[in-house]
Amino acid sequence: MSKPVRILGIETSCDETAAAVVQDGRTVLSNVVHTQIPLHKKFGGVVPELASRNHVEKIGTVVRAALDGAGMGLDDLDAIAVTNGPGLVGALLVGVSYAKALAYSKKLPLIGTHHLLGHIAANYISNFELEPPFCCLIASGGHSEIVEVKSYVDVSHIGSTRDDAAGEAFDKVARALKLPYPGGPELEKLAENGNPHAVAFRSKFNEGEGFDMSFSGIKTAVVNHLQAHPDANLADVAASFQFAVNTVLSDKAVRAATHTLALAGGVSANKNLRTMLKTKSEKKGIRFFCPDFVYCTDNAAMIASAAFYLLSAGKISDLSLNAVPYLDLC
């Protein structure tokens, strides 16, 4: 039996300082996340400079907690993985610099890992039976993409948003509804008490046969509706908006899939979207997978998982690894 491969993952792409130890890409030995939500709440969104400074303050403590949680030290690791893009450049640099220092000091392989490849890999942690190839819908605050996962390290583009990401649209509409930060989860809570068919929010672009998406028009339609109807039932507006966005995401993703569909990214925590995808996939005879809720939002376990497969494929970074805020996935 081969020796287990244990990778320390580090994630600092936005407003979570995270570290985790994962064995053989699938078994999470520890997963520690320090969230900055209280820090940014009073500003109504992430302040990049504050995020970077907080990462500097917390990263050492978070990494030590991850190692302690796994019951091991740096000498027990086989590699160091870190998100090097996309994300906020200052935040990314904190994680990349820290990971490079650890890898250099312990002479361990360094694995720069794409943030979205990590989100896809969250499915491997939660679903041991899932293996490529499959279709994956990535929906988060900064990204909305449909991709074909050809192998653990090879992904090709099918479709993506032309403007706002789904999570970005959720946050902007939440602000229009005067909901507190973070807006997406708050909008989902409000929508639970509303009628999803109360208002028909549409974007004609999304009705075509292609796989690209647009959410800016739907967001603008909500803002215009609120201005025209100051006494509108906000729960109905929230539910109708959520229904419109999730219908676009689920219809296009299920149409793109042939046999297996996975969901990834922060918006994968939206229960309404998960239900839509599961129902539509079953009708088409497609297997549907999604991560456990703990692995939907940014975390380092998903980075360590993706890095295991990069390491297996010989994709190791050198010490020139840098933060790339607009790093392409495909």
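Scanning the chain for GluC sites (Glu not before Pro) in DSSP loops with at most 11 neighbouring Cβ atoms within 10 Å leaves 1-128 as the longest stretch between them.
Note on the chain: helix-only mean residue ellipticity at 222 nm, from DSSP H runs of 4+ residues weighted -39500 (n - 2.57) and normalised by residue number, equals -13500 deg cm²/dmol. Solvent-accessible area per residue in the chain equals 43 Å², computed with a 1.4 angstrom probe and all protein chains kept. Taken over the range 228-301, the percentage of Cα pairs per 5 Å bin, counting from 0 up to the bin with the maximum distance, is 3, 15, 23, 20, 16, 11, 6, 4, 2, 0. Determine which residues of the range 178-197 fall in the zone a paramagnetic label at residue 233 would reach in this model, i.e. backbone nitrogen under 16 Å from the point 7 Å along Cα→Cβ. Hits in the range 178-197 for residue 233 at 16 Å: 190-197.
Output the direction-averaged projected area (hull surface divided by four) of the convex hull of the alpha-carbon atoms of the range 183-322, in nm². Provide the component values of the computation, followed by the final result.
Numbers: hull surface 45.6 nm².
Hull-based average projected area comes out at 11.4 nm².
Estimate the FRET efficiency between residue 89 and residue 192 by the formula 1/(1 + (r/R0)^6), using the beta-carbon distance for r and 51 Å for R0, to the nearest 0.05. Between residue 89 and residue 192 the formula returns 0.85. Rounded to two decimals, the Cα-based Rg/Rh of the range 159-235, with Kirkwood Rh, is 0.97. Exposed loop sites here mean trypsin sites (Lys or Arg not before Pro) with a DSSP loop assignment and at most 10 other beta-carbon atoms within 10 Å; the chain contains its longest site-free run at 179-330.
Of the Cα atoms belonging to the range 31-182, the radius of gyration and Dmax stand at 17.5, 51 Å. Per atom type, the chain shows carbon and sulfur on 54% of its accessible surface, probed at 1.4 Å.
Our note on the geometry: Cα centres of the range 192-239 and the range 89-105, 41 Å apart. Note on residue 204 and residue 74: the model spin-label points, each 7 Å out from Cα along the C-beta direction, lie 6.0 nm apart. At full extension, residue 212 and residue 37 could sit 59.9 nm farther apart than now, given 0.36 nm per residue minus the alpha carbon distance.
Size of the dipole of the range 1-128 about the Cα centre, Lys and Arg at +1 and Asp and Glu at -1 on the beta carbon, nothing else charged, in debye to 20? Display every interim value, and only then the final one.
Working: 11 positive and 10 negative charges, 17 e Å.
Charge dipole of the range 1-128: 80 debye, to the nearest 20.
Here's the list of lysines a cross-link from residue 42 could span, going by alpha-carbon distance under 28 Å and ignoring same-chain residues fewer than 8 apart: 58, 172, 178, 189, 219, 271. Computed over the range 1-112, the P(r) curve from all C-alpha pair distances, binned at 5 Å from the origin, holds 2, 14, 23, 24, 18, 10, 6, 2, 1, 0, 0 percent per bin. Pairwise Cα separations in the range 270-330 fall into 10 Å bins from 0 onward with the following percentages, short to long: 16, 33, 30, 17, 4. In units of the rule-of-thumb radius 2.2 N^0.38 Å, the range 113-263 shows an alpha carbon radius of gyration of 1.10. Compactness check for the chain: Cα Rg over 2.2 N^0.38 Å is 0.99. Hydrodynamic radius of the range 125-203 by the Kirkwood approach over all distinct alpha-carbon pairs: 14.8 Å.
Give the whole-number value, in cubic angstrom per residue, of the convex hull volume spanned by the C-alpha atoms of the range 9-56. The partial results should precede the final answer.
On the way: hull volume 3.4 nm³, N = 48.
Taking only Cα atoms, the range 9-56 has a hull volume of 72 Å³ per residue.
Between rounded, prolate and oblate, where does the range 222-267 land on the alpha carbon gyration tensor, with a ≥ b ≥ c its root eigenvalues, rounded for a/c under 1.5, else prolate if a/b exceeds b/c?
Values: a/c = 4.11, a/b = 3.11, b/c = 1.32.
Because a/c hits 1.5 or more and a/b exceeds b/c, the range 222-267 counts as prolate.
For the range 87-171, what class follows from the C-alpha gyration tensor (a ≥ b ≥ c being the square roots of its eigenvalues): rounded when a/c is under 1.5, otherwise prolate if a/b is larger than b/c, else oblate? It is oblate, given that a/c is not under 1.5 and a/b is not larger than b/c.
The values are calculated or read from the model by the stated rules, or taken from the named source; none is laboratory data. Keep in mind it's a predicted model, so treat the numbers as computed, not measured. As a convention, Cβ positions derive from the backbone with ideal geometry for all residues, glycine included, and neighbour counts pool all protein chains shown. Side chains are part of the model used for accessible areas, which takes the heavy atoms of the whole protein and leaves out ligands, DNA and RNA. Shrake-Rupley method; radii C 1.70, N 1.55, O 1.52, S 1.80 Å.
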